[in-house]
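One structure below.
The values are calculated or read from the model by the stated rules, or taken from the named source; none is laboratory data. Since we're looking at a predicted model, the values are computed, not measured. A quick note on method: Cβ atoms are made from the backbone with ideal geometry, for glycine too, and the neighbour counts reach across all protein chains shown. The accessibility values were calculated without ligands, DNA or RNA, using every heavy atom of the protein model including side chains. Shrake-Rupley method; radii C 1.70, N 1.55, O 1.52, S 1.80 Å.
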Amino acid sequence: MEKMYIVKNLDCAHCGGKIEAAIADFEEIESASLNFPMRKLRVVGEITPATEKKMLRTARKIEAEVELVPEAEAENAHGEEGGMKKELLSLAVGVLVYAAALILDHVIDLNVPGLILYIISYLILGYGVLAATVKNLRGGNFFDENFLMTVATIGAFILGEYSEAVGVVLFFKIGEIFEDYAVNKSRRAITAAAGLKVDEVDLLRDNEFVRVHSDEVAVGDIIRVKPGERIAVDGTVESGETRIDTSAINGEPVPLSVRAGDEVISGCINMNEAITVCAKAAAGDSMIAKIAEAVETASETKPEIDRFITRFAKVYTPVVILIAAATAIIPSLITGDWSKWVYTALTFLVISCPCALVLSVPLAYFSGIGAASRLGILFKGGNALEALGKVKAIAFDKTGTITNGSFSVTNVKSYGKLTEEQIISLCGACETASTHPVAVSIVKYCADRGIKHEAPEKIREYSGRGVAAELNGKQLLCGSARLMNENGIEIPHEDEKISGSIVYVSFGGELLGRVIVSDSVKAGSARAIELLKKMGIKTAMLTGDKKENAEATASELGIDYVRGELMPNEKLEEIGRIREKYGAVMFVGDGINDGPVLAGADVGGAMQSGADLALEAADAVFMNSEPDSVVKAKKIADRTLRISYENIAFALVIKAAVLVLGLLGIPSMWFAVFADSGTAMLLILNSIRVLSTKKIEKI
């Protein structure tokens, strides 16, 4: 059994990690995963009412005011707006009273009114900290940020450092408000996909459209989409012609023109005329529902660096508290200067909370997932984003990934007796009965250009070789060199290097010409490969297509490593060779046969236009099915990984420096407050830089 809970009144990332670990240790629980920025807890196991009560008791021992509300019952999961206004109001009042106290203290020296003002401002600014500390102490929880701040500030008051005591809670409150702002901003980026869901639609019933909930739409139903409305379900345009805005789904700014027969996906906006759409999926199974689920689930999956920070924090806080206690007692016993060393120990307590570090790293990945989703890139976990940041080589499938995946006639050549139009006319006549993609493309080529052809007789298709027919009493052959050789027809030597499938045309036993049908390269493929190489990424192409075609396409695009005529298991073997040669490798594909290699690569990426198996096996899905999305994803992953390492290094260096200076008795509590709250704000600011995608969008 799996159940999702909204976690209310949880403000400490470090405490959130403790709650997650404690619930995961329950005998009846298989796993527990807390998504702190989203304030959601996913629990898997035997969940009974008794278990839920036990979970709540455990959570409240760690964070006293925590509420666990089943997601289905939560009307307002976060309530950020009202809560933020109250916090800002109490901050403003507290600062005004604190300023008055400072004036009395420094202008006319401290007196009773000044002390009273310090106490009032302390209670206004630190009420939340004090209340949480009292509740946590009742539950036996001593080592959280509220307890540390309470001990440090009350200690400062006892030592007569009134302004510093209030300053500590002031900066701490500012840090919390700033943290909430950053988390909420990242959360909005993540949950934007959920806002694309359409609640009501016009459904055709008994020859008239009625307004119903989108969940009532079934496969095969007809819905009407008016101008300005979002498309509720994936489907095919039944009637009408319009343009749709797909930017929310794939990040593409240019509207797409659609007409009857064209496929459309949910979440896009109808811009011009009303259309009717035949649903090919229910609302819950449509693309927008999958996007919302994938993005939200992705933010629950933690990268290795996040798990390391969580383990580190468990050891770090108790060690620092022991050092603080030793600093207060041992030097005081030796020197007798209790005031100095207790004050020094209090500075330790102020900076010992690891919350900034515990939050900033997952916040960076959370922001990365949100930034990618805005560009139509879906990561299925923070671990996938982290793995992509370490990738040194990217291998692509060919058909449908590097190329458009649709065949077209690219060249017609006559060997002298007939015109090129006559050659393609004969070929079109022969291929009319075949459903092979090459044959279909030739017939379409003739139809698009109004090239007429006679109707042949006795048509016979030879699998993998071509088609034979009878026309005006003579044999007409269209197919491969092998088909020609089997019928005693000699093939001339071609000096030029040909990329594509060659269809030879013979009539009455005489070779008349040939047609080349090939899959065209996507417009953005060359640019994507160029950008990856500039980033220092090695590129490869692994395909089941003919070796000659693969090499020609790779040569055109400047791809470093190419292998053709590969079976799925051989692609997987090639991934291993690329990994040995270059390092961690990503594979990008779209076919059913790409499933094994997508799963076997360090990171698997699938084009949204591909097979469902490929989408399931992939770690990342590219909604616009263009190679430039791979570049954008790599840049976001690189930036996310770099920022997370910056946060770790900066936090540890600052805290270590202040701890050392504390041992030397140099820093004041003001300095310690800045080192803690100031560092937290800088790390959070650094983390949400990932949300900025303006430069990446221009790729």
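For the pair Lys444 and Tyr181, the difference between a 0.36 nm per residue extended length and the Cα-Cα distance amounts to 89.0 nm. Each Lys or Arg adds one and each Asp or Glu takes one away; over the other residues whose Cβ falls under 9 Å from the Cβ of Lys547, this sums to -2. Based only on Cα atoms, what mean projected area does the convex hull of region 326-452 have, in nm²? Average projection, Cα convex hull of region 326-452: 15.4 nm². Here is the tail figure for region 399-491: Cα pairs spaced more than 17 Å apart come to 53 percent of all pairs. So if R0 is 56 Å, what FRET efficiency would Ser463 and Arg307 give, r being the distance between their Cβ atoms, rounded to the nearest 0.05? So, using R0 = 56 Å, E works out to roughly 0.60.
Highest mean first, the peptides 508-515, 631-638 sorted by other C-beta atoms within 10 Å per residue fall in the order 631-638, 508-515. The peptide list 373-380, 233-240, 46-53, put in order of mean Cβ contacts within 10 Å with the highest first, becomes 373-380, 233-240, 46-53.
Working from label points 7 Å from Cα in the Cα-to-Cβ sense, the Ile329 to Tyr127 distance is 3.7 nm.
The apolar share of the surface of region 323-451, taken as the fraction of accessible area on carbon and sulfur atoms (1.4 Å probe, ligands and nucleic acids excluded), comes to 59 percent.
Only helices at least 30 Å long along their axis, Cα-based, and averaging 0.5 or more on Kyte-Doolittle count here, so list those DSSP H runs from the chain. Long hydrophobic helices here: 80-107, 112-138, 304-335, 628-663. What FRET efficiency comes out for Ala523 versus Val219 if R0 is 30 angstrom and r is the Cβ-Cβ distance? Round to the nearest 0.05. Result of the calculation: an efficiency of 0.35. Normalised by 2.2 N^0.38 Å, with N the number of residues, the alpha-carbon radius of gyration of the chain equals 1.25.
The residues of the chain have, on average, 44 Å² of accessible surface per residue, using a 1.4 Å probe with all protein chains present.
Note on Glu697 and Val212: their simple-model spin labels are 3.8 nm apart, each label 7 Å out from Cα toward Cβ. Remark: the Glu30-Glu71 segment gains 12.8 nm on full extension, using 0.36 nm per residue and subtracting the alpha carbon distance.
Net charge in the neighbourhood of Phe171 (other residues with Cβ under 13 Å of its Cβ; Lys, Arg +1, Asp, Glu -1) is -4. The distance separating the Cα centre of region 415-474 from that of region 122-138 comes to 84 Å.
Calculated FRET efficiency, Ser339 and Leu56, Cβ-Cβ r, R0 41 Å, to nearest 0.05? FRET efficiency, Ser339 to Leu56: 0.40.
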